[in-house]
Amino acid sequence: MKLFKAVAAAVMLIAIAAGLFLYWRHEERYPSTKDAYVGANIIKVAARVTGQVAEVPITDNQPVKAGDLLFTIDETQFKASVDQAQANLDSAMQQAQSYSTQITAAEAAVESTQSAYDTAKNNFERAKALFSDGDLAQASLDQATTTFAEASARLTASQSTLLALQSGLSAKQDDVLSSRAQLEIAQADLNWTRVYATSDGWIANLTLRPGSAVSANAPQFSIVESSDWWVDANFKETSLPRIRPGQPVTVKVDMLPGVTLKGKVASIGRGSGDTFSLLPSENSSGNWVKVTRRFPVRVELNPTDAPLRVGGSSKVIVDTTVDQVEK
C-alpha cells in the first residue's frame with residue numbers, strides 16, 4: 001500500500017513537472033499578453049475659420065463617408081468679404097484699364113512730338129549751316145532755334161507724361177494682383193465655412209451644437225477612421241527576444257466573445273511604456289526594486305468586418321515558431 005502511494009505520488013509529481021514544462025515551453029513559443037488594446041487613426045475635426053455654427057447635420061457615433069458634410073458656419077460676413085474683395089478687384093482693373101488707354105494716347109503724343117522734334121532739329125542744323133555761309137539772316141536762325149527749343153520741350157514733356165503713366169499702370173497692376181489675392185482668400189474663407197469629412201469612419205465625442213462659437217483650428221470632435229485597425233500589445237521584456245516583425249498573431253477582443261482576429265507583428269517599440277510616461281520612474285534611490293518592464297508591440301490586423309472599437313481590451317498571442325522555421 002505504501003509502495004502504491006509512493007508510486008502514485010511520484011507519477012503525480014512527474015505529471016505536474018511535465019505540465020509545467022509544457023506550459024513553459026508553450027509560453028516561450030507562443031508569448032501572450034492581456035495588456036493589449038485596439039487602436040485606430042483618430043482625426044480631430046476643426047474649422048479653418050472663426051465663426052458661429054449654423055448647422056450640425058450629424059449625430060454622435062454616426063458613420064460617415066469621406067466628403068460628407070459635418071457642420072457649417074454662418075457665412076454672412078464671409079459672403080460680404082467676398083463681395084467687397086470682388087468690388088476692389090473690379091475697381092483696380094478699371095483703373096488699370098484707364099491707365100492703359102491713357103498710355104496709348106501718350107505713346108501717340110510721343111511719336112508725334114518726336115517727329116516734330118526731328119523736323120525742327122534738321123531745320124535748325126540747316127539754318128546754322130546757311131548762317132555760317134552767310135546765306136541766312138540772323139532772324140531766320142533765331143526763328144529756327146526757337147522752334148527747335150519748343151519742339152525739344154514738347155518732346156520732353158510728352159516722354160515724362162508717358163513714363164508717369166507707365167509707372168502708374170505698374171502700380172495699378174500690383175493693386176490688381178493684390179486685390180485678386182484678397183478675393184481668393186475671401187473665397188477660400190467662404191468655402192471653409194462648410195466642413196467635410198476627410199475619410200470614412202465614425203463620429204466620436206460630438207458636443208457641437210448650432211449657435212456655438214468656434215475658433216479657427218480648434219478641435220470640436222473626432223472621427224475614428226475605419227480603414228486601418230491595429231492592437232498595441234505591451235509585452236514583458238523577457239518575451240521580446242523571440243518576437244520579430246512579420247510573425248503571425250492571434251487576437252481575441254473582450255467585447256467580441258467567440259471572435260478570433262488574425263494579424264502580424266508590425267513593429268516593436270524602442271522604449272518601454274514607462275520611458276515615455278509623464279512621470280517616469282526614478283531608479284537611483286536606495287530602495288530600488290527591479291521590476292520587469294513592458295514594451296509596446298504594434299500588431300497590424302488583417303481586414304475584418306468585426307465591429308471593432310478603439311481602446312477595446314484584447315488578448316494577443318504571437319506565434320514565434322514561424323520565425324524559427326524561416327531560419
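Taking a quarter of the surface of the convex hull around the Cα atoms of the range 63-161, what do you get in nm²?
The number I arrive at for the range 63-161 is 11.1 nm².
In debye to the nearest 20, how big a dipole does the range 43-131 give about its Cα centre with +1 on each Lys and Arg Cβ and -1 on each Asp and Glu Cβ?
So the dipole magnitude of the range 43-131 works out to roughly 420 debye.
Tell me the Kirkwood hydrodynamic radius of the range 77-223 in angstroms, computed as one over the mean inverse distance between distinct C-alpha pairs.
This gives a value of 21.4 Å.
Would any residue of the range 38-78 have its amide N under 17 Å from a label point 7 Å out along Cα→Cβ of Thr207? List them or say none.
44-47, 53, 59-61
Return the FRET efficiency for the residue pair Thr50, Gln97: r is the Cβ-Cβ distance, R0 is 35 Å, and the value is rounded to the nearest 0.05.
0.45
Obtain the nm distance between the two label points defined at Ala181 and Ser267 by a simple spin-label model: each point lies 7 Å from its Cα along the Cα-to-C-beta direction.
The answer from the label model is 3.9 nm.
Semi-axes of the range 148-210's equivalent ellipsoid from the Cα gyration tensor, sqrt of 5 times each eigenvalue, largest first, rounded to whole Å?
Values for the range 148-210, descending: 60, 9, 5 Å.
Run the numbers for Glu300 and Tyr30: contour at 0.36 nm per residue of separation, minus the present Cα-Cα distance, in nm.
Result: 95.5 nm gained on full extension.
When all protein chains stay in place, what accessible area (Å², nearest 10, 1.4 Å probe) is found for Trp230?
40
Suppose all protein chains stay in the model; what accessible area per residue would a 1.4 Å probe give for the range 164-309, in Å²?
Per-residue value: 61 Å².
The values are calculated or read from the model by the stated rules, or taken from the named source; none is laboratory data. Given the structure is predicted, the values throughout are model-derived calculations rather than measurements. Note that each Cβ is placed from the backbone with ideal geometry, even for glycine, and that neighbours are counted across all protein chains shown. Note: areas computed on protein heavy atoms with side chains; ligands, DNA, RNA excluded. Shrake-Rupley method; radii C 1.70, N 1.55, O 1.52, S 1.80 Å.
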